[in-house]
Every structure is written in C-alpha cells, then in structure tokens.
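The next block holds one structure in the form of structure tokens; read it before the comments.
The values are calculated or read from the model by the stated rules, or taken from the named source; none is laboratory data. What you are looking at is a predicted structure, and each value in this text was computed from that prediction instead of being measured. Please note: Cβ atoms are built from the backbone with ideal geometry, for glycine as well, and neighbour counts cover all protein chains shown.
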Amino acid sequence: MSTNTYSNPGPWAVTAFSTTSFMLGIINAGIISGGCTPVVLDVAIFFGGIMQIIVAILEFMKGNTLTTTVFGTYGPFWLMFAMFELFFAKSIPPSSIGSAVSLFLAMFAVITFYFFIASLKTDKVLVVIFALVFIALVLLSVGAATGNKSLDVVAGWLIMIFAVLGWYHAAAAIINSTWGREVLGVGSLKPKQSSISAK
C-alpha cells in the first residue's frame, strides 16, 4: 500500500497573495487610476482570498504552523478588504472612514510584525517580504488616519516590490521542484528545510 504524497501548496498561495498585492500596489502608487479598483476586488475575493484559505487548510493538514497561520490570515484579509470596499464602507460616516481603514490596517500590521519575527528562521527572501509588508501596512494605516496621500504612493511602491519578491519566492519553489535541484536560491536560514513550508 503506497504512502500518501502531498505536494507543497505554499507557492500557490504566495502567487495568489503576490498577484493581488501587485495589482493593488499599482493603484496605490498612482500608476493607473483608482477607478480600476473593482478588478482588484474580483481578484482579492477569488485568488487572494478564497485561494489562500484553501492553502491554509492544506498546510494545517501537513502540520505547518507558520504557513497555516500566514495564509489563514492574509486570505481572510483580502476577503474582508473586498467586502469592506463593496458593502460596508458605505455604512461608515465619511468623517470616520479614514479612522476605520487605519484601524483595520494597523491590526494586520501588528500580526505581520510577529510573522516577520517567525520568518527570521526561514529564508532571507521571506524575511524581506514580511518586513516590507509590515512597513507598507504601517504607511497605509498612517496615511488613512492622516489623509496623507503621499504615504499611499510610497506604500504602493513597497507593495509592488514585496509582490515581485513573493513571485520570485514562489517561482523558486516551483522551478526548483520541477528541475530537481536549486535553480533559484532564497537564502535559507534553516538548513534542510523549505522556508515557506517550515514547521
């Protein structure tokens, strides 16, 4: 009787997170009009949101604490972001919308900070990604609270940078797996353990 063999679902979720983030980063940076936001919400629901939740469950079944928590956090983040934009924002008085958005982003900045601490035992690329996600969330939170749009622009560029690094990280896992050797390095900080699937 053959033993069960599971593939690594992590790159799937990292690709989803990075793709959704990059699209939003382009808008935050002002490269394209904010009128394109609905297409990001579509991607946020199905790819960034539902997709990552599915992977979080798969990672839970594999016993991977870090990736279960990361994907089980950022998946709902994208769903909540989309639902807020589509349905709930209209229920908040205009004078309070900035504070509400700031609170939402600040809470995820706190969570991302301890993801960053945990990532210090994974790989260098992942460490940089979490550091940039944290900084971007802080900038977006402060920008929402103060109405400083220049912070949104800076955050938008940081978002695009960490999204590209996320694509690289996912590509490294996929390409290294199919080639059967390390083609793209991520700077492992924990020998003999895959960074994105570290337990």
Exactly one of Leu139, Leu151 is in a helix (DSSP H, G or I), over 12 Å from the mean Cα position of the chain (by Cα), without any contact (Cβ under 8 Å) to a residue 60 or more places away in the chain and surrounded by fewer than 22 Cβ atoms within 10 Å (Cβ to Cβ), and that residue is Leu151
Name every residue in the range 59-100 that is in a helix (DSSP H, G or I) and buried (at least 20 other Cβ atoms within 10 Å of the Cβ), in order of residue number.
-> Glu59, Leu66, Thr67, Val70, Phe71, Tyr74, Gly75, Phe77, Trp78, Phe81, Ala82
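Results for (1) more than 15 Å from the chain's Cα centre (by Cα); (2) closer than 27 Å to Trp157 by Cβ, shown as yes or no for each residue.
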{"residue": "Ala44", "(1), (2)": "no, yes"}
{"residue": "Gly48", "(1), (2)": "no, yes"}
{"residue": "Ala89", "(1), (2)": "yes, yes"}
{"residue": "Pro93", "(1), (2)": "yes, no"}
{"residue": "Leu103", "(1), (2)": "yes, yes"}
Thr5 vs. criteria without any contact (Cβ under 8 Å) to a residue 60 or more places away in the chain and out of contact with any helix residue (DSSP H, G or I) (no Cβ under 9 Å at 6 or more places or on another chain) | yes
Qualifying position, being of a type in the set (S, T, N, Q) and in contact with a Leu (Cβ under 7 Å, 6 or more places away or on another chain), among Thr5, Thr112, Thr69 = Thr112
With the condition kept exactly as written, say whether any residue in the range 158-174 is more than 14 Å from Ile27 (Cα to Cα), part of a helix (DSSP H, G or I), over 20 Å from the mean Cα position of the chain (by Cα) and not aliphatic (A, V, I, L, M).
-> no
Right, Ile53: without any contact (Cβ under 8 Å) to a residue 60 or more places away in the chain, in a helix (DSSP H, G or I) and touching a helix residue (DSSP H, G or I) at 6+ places or on another chain (Cβ under 6 Å) or not?
-> yes
If you go through the range 110-125 one residue at a time, how many are aliphatic (A, V, I, L, M), without any contact (Cβ under 8 Å) to a residue 60 or more places away in the chain and either surrounded by 19 or more Cβ atoms within 10 Å (Cβ to Cβ) or over 18 Å from Gly166 (Cβ atoms) (or both)?
-> 2
Would you check which residues across the range 175-185 are free of Cβ contacts under 8 Å to residues at least 24 places away in the same chain and either in a helix (DSSP H, G or I) or under 15 Å from the mean Cα position of the chain (by Cα) (or both) and list them?
-> Ile175, Asn176, Thr178, Trp179
Condition test on Ile45, is it within 24 Å of Lys149 (Cα to Cα), touching a residue at least 24 places away in the same chain (Cβ under 8 Å) and in a helix (DSSP H, G or I)?
-> no
Can you tell me which residues in the range 1-38 are farther than 23 Å from Leu86 by Cβ, among the hydroxyl-bearing types (Ser, Thr, Tyr) and at pLDDT below 95?
-> Ser2, Thr3, Thr5, Tyr6, Ser7
Per the filter on the range 85-111, residues modelled with pLDDT of 95 or more and among the aromatic types (Phe, Trp, Tyr) are Phe104, Phe108
